[in-house]
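Structure first, commentary second.
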Amino acid sequence: MRAVWLVLLLTPALAQSLPEALQKAPEVPAVVTARLEYETRSKDLERTLQDPLRTSLAELQARQAVALAKAQLEQALAQARAEIVTVYTQALEATLQVRLAEKALEVAKLSLKAAEIRYNGGGATSLDLLEAQNRVLEARKNLEQARRGQESALASLANLVGSWTPESVTELPPLPEPTIVAELLAAHADLLQLKQSLERLRFQRGLLDESFTPKKEIEALEDQIQTLATNLDSLERSLKVGLEARYAQLEPLLQGVKTAEEALKIAQERYAAEEARFQAGLASQLSLLQQELNLQQAELALEQAKHAYLKAYYDLLSTR
């Protein structure tokens, strides 16, 4: 499948992009194990082909083993990429949550300061003051939780790809063509394994000589072939339904990104207007901070929308 390159926002030198993180997929232990199995099966096939005493069935089995190992390697790679995307986006969101919680605390502190001034001037009640104090306590608690979440998310990312500072994605992979469902079905390792089993049974049936093989043995083998063919059809239908459902999720998620982009644009315009009012002395610092908080919330919502699409996209590609 054609590689998808993501165009990313330039960030400070410490930040590292998702494509860089995805390049670590071959180093994930499950992928390393699958690659070793593929190499082993490839060597077994070479030895089998060099054996002048090999049988047709032995050659078939050796070729099947290589094909299955290759499919399982591709599956492991796709699943590793999906896992990296999930952990990467979680780490980025956790970092943005900390930034948002810091701004919320800043707003709460300034609100408390305003409440204290009003209270001392007789313009606010003790209940107003208490509520402002509680909002600061709640904001501090949320910041602590956000920092713990960030620490945990970055640790999970580091365990998977090494020490990493995630950066924001500005362009997403395009919606795949509907043919992706058929392509993923054709590459599905579990389906391939059943197809290979069916191929072997049919091959064995072709080797039986009805003149010398008991009818009961032939019928038993034919029953196995029929049962396996039925199971194969059932699994293929089930997988196809699941893949189609996952594919159907992508377009609404992509539309969700566009909606979040519009919401961010509105938040940016409101912040710019409030900043102009503040510079002209028509708005308070608290009001400006609140608009900045709203802007950061819109930025986080956009990232979450992008990440939902990215995770669904790579989750679909990992179903093979």
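The values are calculated or read from the model by the stated rules, or taken from the named source; none is laboratory data. All of these numbers come straight from a predicted model, not from anything done at the bench. Note that we place each Cβ from the backbone using ideal geometry, even for glycine, and neighbour counts take in every protein chain shown. With ligands, DNA and RNA removed, areas are computed over all heavy atoms of the protein, side chains included. Shrake-Rupley method; radii C 1.70, N 1.55, O 1.52, S 1.80 Å.
Here is a check on your reading of the model: is Leu73 over 30 Å from Val136 (Cα atoms), over 24 Å from the mean Cα position of the chain (by Cα) and not charged (D, E, K, R)? No.
So, in the stretch 213-242, exactly how many residues are in a helix (DSSP H, G or I) and surrounded by 13 or more Cβ atoms within 10 Å (Cβ to Cβ)?
Selection size over the stretch 213-242: 14.
Considering only residues in the stretch 78-93 that are touching a Lys or Arg at 6+ places or on another chain (Cβ under 9 Å) and not hydroxyl-bearing (Ser, Thr, Tyr), the one that is most open to solvent (accessible area, probe 1.4 Å) turns out to be Gln79. Here Val161, Val181 are screened, and the one residue that is crowded, with 17+ Cβ neighbours inside 10 Å and modelled with pLDDT under 95 is Val161. Remark: pairs (first residue in the stretch 217-241, on the phi < 0 side of the Ramachandran plot; second residue at pLDDT 95 or above and small (Gly, Ala, Ser); Cβ separation under 8 Å; 6+ apart in sequence or on different chains) = Leu228/Ser197. Do we have Ala245 as closer than 30 Å to Ile180 by Cβ, among the hydrophobic types (A, V, I, L, M, F, W, C) and open to solvent by 40 Å² or more (accessible area, probe 1.4 Å) here? Spelling it out, Ala245 is indeed closer than 30 Å to Ile180 by Cβ, among the hydrophobic types (A, V, I, L, M, F, W, C) and open to solvent by 40 Å² or more (accessible area, probe 1.4 Å). Apart from one condition, Leu208 fits all of (1) under 19 Å from the mean Cα position of the chain (by Cα); (2) surrounded by 13 or more Cβ atoms within 10 Å (Cβ to Cβ); (3) not basic (Lys, Arg); the exception is (1). Report the residue count in the stretch 274-292 for those that are assigned to a helix (DSSP H, G or I) and open to solvent by 50 Å² or more (accessible area, probe 1.4 Å). Going through the stretch 274-292 one residue at a time, the tally reaches 8.
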